[in-house]
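Just so it is clear, none of the values below were taken in a lab; they were calculated from the coordinates. The model shown is predicted, which means the values in this text are computed figures rather than measured ones. Using ideal geometry, Cβ is built from the backbone for each residue, glycine included, and neighbour counts are taken over all protein chains shown.
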Protein chains: 2
Amino acid sequence: MLNIQLKGTDSFTQIKIEKGTNNMSTQSEMKAVMQKYLDAFNAQDADAVLALYAENATVEDPVGSPPLQGKEAIGAFYQKVIPMGSKLKLAAPIRGSHSNSAAMAFVVESAMDGHTVNINVIDVMTFDESGKITSMRAYWGKEDCNIL
Amino acid sequence: MLNIQLKGTDSFTQIKIEKGTNNMSTQSEMKAVMQKYLDAFNAQDADAVLALYAENATVEDPVGSPPLQGKEAIGAFYQKVIPMGSKLKLAAPIRGSHSNSAAMAFVVESAMDGHTVNINVIDVMTFDESGKITSMRAYWGKEDCNIL
């Protein structure tokens, strides 16, 4: 939230950026990878999604389930869910941080048995210095699923 | 994201809820606390905001800054930011999880020097078994600040 003081038109220069690591991905690079993630998922290109991940990445989807570790397990996950044909639609602009993580709110829209099923999700991702995803955690619960 | 199979009208009974802890807050309880957080913040009631936190809670706002620990430090933080009069406006419905955490995307809308300043934020919170907030992490970066 808000812990900055804004004064005048060049006020953003007063925002202190505290970097957790050197050579980390920039905010815009992280957001670009997250947009690529959405686009590749929606194109049903599981290989392109997997290529965004670092070798030893983890995926916890949903948060509270046992995390998947490594590209083999993560690849198997996307090979299973992507062919279901769901579309990921951003609900709001992707957020960065003051470190190597970013977050986005989106809706998973699926057609199932003649119904549209929407799941409200927020993904939080961390990135390595080369811009690869090192972790993904997906916040959604049973009550975030809606049949339209 | 989507790792469930939906079949028929009673399909949600097939969603497996994996609980990380017993007696944890329910999804709806966590979401209600987050809504109270927004309402108390917008009412400029720092005491009511602080009352939502557990004794040894942590606040990392923004993610990447040194976390505040304990109600004294957290109270001082809200006593500083709440009088600035910003309003928190949900950008999408609050998300739960399959554990003791939930997340919400919102916009911090502030009036400063005759301008409206919007900051896009996602807060991730965890909760104890009594529904108190045990941690808050706020994802926003310099590039998530917009002067309108």
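Relative to the other identical copies, A:K80 shows label-point distances of 4.6 nm, where the label point lies 7 Å from Cα along the Cβ direction and values run shortest first.
Each of A:M125, B:M84 was scored by other Cβ atoms within 10 Å of its Cβ. Listed from fewest to most, they are B:M84, A:M125.
Each principal axis of the stretch A:24-147 carries a Cα extent, and these read 44, 30, 28 Å when sorted largest first. Among B:I147, B:I133, A:I122, sorting on how many other beta-carbon atoms sit within 10 Å of each Cβ, with the fewest leading, yields B:I147, B:I133, A:I122.
Here B:T116 yields copy-to-copy label distances, from shortest upward, of 2.8 nm, the label point defined as 7 Å from Cα along Cα to C-beta.
Counted by neighbouring Cβ atoms within 10 Å, the residues B:S25, B:S97 run from fewest to most as B:S25, B:S97.
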